[in-house]
1. Is it fair to say residue 150 is surrounded by fewer than 22 Cβ atoms within 10 Å (Cβ to Cβ) and among the aromatic types (Phe, Trp, Tyr)?
2. Just a yes or no: is a residue in region 14-21 at pLDDT below 90, among the hydroxyl-bearing types (Ser, Thr, Tyr) and more than 30 Å from residue 171 (Cα to Cα)?
3. Quick one: how many residues across region 289-305 are touching an Asp or Glu at 6+ places or on another chain (Cβ under 9 Å) and more than 12 Å from residue 269 (Cβ to Cβ)?
4. What number goes with the only condition from (1) assigned to a loop (DSSP other than H, G, I, E, B); (2) closer than 24 Å to residue 175 by Cβ that residue 232 does not pass?
5. Tell me the residue from 165, 145, 136 that is within 16 Å of the ligand (Cβ to nearest atom) and over 19 Å from the mean Cα position of the chain (by Cα), please.
6. Where in region 19-133 are there helices (runs of 4 or more DSSP H), lying wholly inside it, with at least 2 residues that are more than 12 Å from the ligand (Cβ to nearest atom) and open to solvent by less than 10 Å² (accessible area, probe 1.4 Å)?
7. Using the structure shown, decide if residue 293 is loosely packed, with under 14 Cβ neighbours inside 10 Å and either of a type in the set (A, V, I, L, M, F, W, C) or not assigned by TED's automatic domain parsing to the domain that holds residue 83 (or both).
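The values are calculated or read from the model by the stated rules, or taken from the named source; none is laboratory data. Please read all numbers here as calculations on a predicted model, not as lab measurements. Here the Cβ positions follow ideal geometry from the backbone for every residue, glycine too, while neighbour counts run over all protein chains shown. All accessible areas refer to the heavy atoms of the entire protein, side chains included, with ligands and DNA or RNA removed. Shrake-Rupley method; radii C 1.70, N 1.55, O 1.52, S 1.80 Å.
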Amino acid sequence: MGKTLQVINTTLKGNKTIQLQDTDVSKVGLPKVRLNPTVGIIEIASGCMSECTFCQTKLSKGDLQSYRIGDIVRQVKTEIADGCKEVWLTSTDNGCYGFDIGTDLPELVNTVSEIPSDFRIRVGMMNPMYMPRIRDGLLKSFENDKVYKFLHVPVQAGSDKVLHDMKRGHTSETFRDVSKRFREKFGDFTISTDIIVGFPTETDEDFAETVELLKETKPEVVNLSKYSARPGTDAAEWDQVDVATVKQRSKKIFDLTNHISYENNKEWIGWSGNVLFDELTDDGIKGRNFAYKPIFVRDEVKIGQSHAVKITKATNHSL
Ligand code: SF4
């Protein structure tokens, strides 16, 4: 704090100053500006336990440091008292949350779900690598109505050889298993994943395996990125796939995932139920149902309100 004031004063006098320091202070409970009054974003840990060969985040965030469940619960209560209707539990990799402090993600989700208020929980991104360890506990935690039936598990590629070269610590089978089990148990469920095309060791055959995996598992949301070498990472030192091939592969996945999400979304036409309107977008106020499907309505709604709706139309990206 002392240094913050010092930096501000120096800057006001027109001088440039830099004061950086490593700290292991928990970020839960620190003052923040909430951009969306309906959503409380809560960081549950910093860093991760992996060393993916394409990743620069690891270089800046370092090793896993999980924050205490008690501190997180206190923060959730504060967000709800401030009017939030939804909390997002987020970190670099939620999958390994708690392993350094003798707990895990299912235990955290269970404890947060027990807070006796009317709110929803969105569990953020978790790598497939730790799924075998937490899967059964998480399937149980997701039974609670407060938890959105939504998982973000970035598989990155369909080829086990590429996953090995990425040092992801999981196989494509781990992702297949997760998709299958959560869909089997909960029926309507949103699986979101990430795909990188054009990783240095990705051959045409490897790429075909990614296409196959997507066709088979049909994830509702795919965040697609073209591989680009990040300085300081292992994969940046390897022979790179040529740009034209990366572009072609990216276009193919883009078209395929658009088709898959449209087919998935069409299934929702005729569905009726409650939607919490939680986000202001350029297209109006967006709502989410229990399966975290993005929904827009013609009528005027206010952010933070819940309404019963009926789905009449589907596009690639929303209902
Ligand atoms: S991509 Fe891998 S190394 Fe990078 S932050 Fe995620 S889990 Fe950690």
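1. Values: surrounded by fewer than 22 Cβ atoms within 10 Å (Cβ to Cβ): no; among the aromatic types (Phe, Trp, Tyr): yes.
For residue 150, the condition - surrounded by fewer than 22 Cβ atoms within 10 Å (Cβ to Cβ) and among the aromatic types (Phe, Trp, Tyr) - is not met.
2. Looking for residues that are at pLDDT below 90, among the hydroxyl-bearing types (Ser, Thr, Tyr) and more than 30 Å from residue 171 (Cα to Cα), one finds at least one in region 14-21, hence yes.
3. Step one: filter region 289-305 for residues touching an Asp or Glu at 6+ places or on another chain (Cβ under 9 Å), giving 289-294, 296, 303-304.
Checking which are more than 12 Å from residue 269 (Cβ to Cβ) leaves us with 289-292, 294, 296, 303-304.
Result for region 289-305: 8.
4. Of the numbered conditions (1) assigned to a loop (DSSP other than H, G, I, E, B); (2) closer than 24 Å to residue 175 by Cβ, the odd one out for residue 232 is (2).
5. Numbers: 145 fails: within 16 Å of the ligand (Cβ to nearest atom); 136 fails: within 16 Å of the ligand (Cβ to nearest atom).
That would be 165, the only listed residue that is within 16 Å of the ligand (Cβ to nearest atom) and over 19 Å from the mean Cα position of the chain (by Cα).
6. Filter on region 19-133 gives 69-81, 105-113.
7. Working: loosely packed, with under 14 Cβ neighbours inside 10 Å: no; either of a type in the set (A, V, I, L, M, F, W, C) or not assigned by TED's automatic domain parsing to the domain that holds residue 83 (or both): yes.
So residue 293 does not fit the description; no.
Matching residues to (1) of a type in the set (Asp, Glu); (2) at pLDDT below 95:
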residue: 216; (1), (2): yes, no
residue: 225; (1), (2): no, no
residue: 228; (1), (2): no, yes
residue: 244; (1), (2): no, no
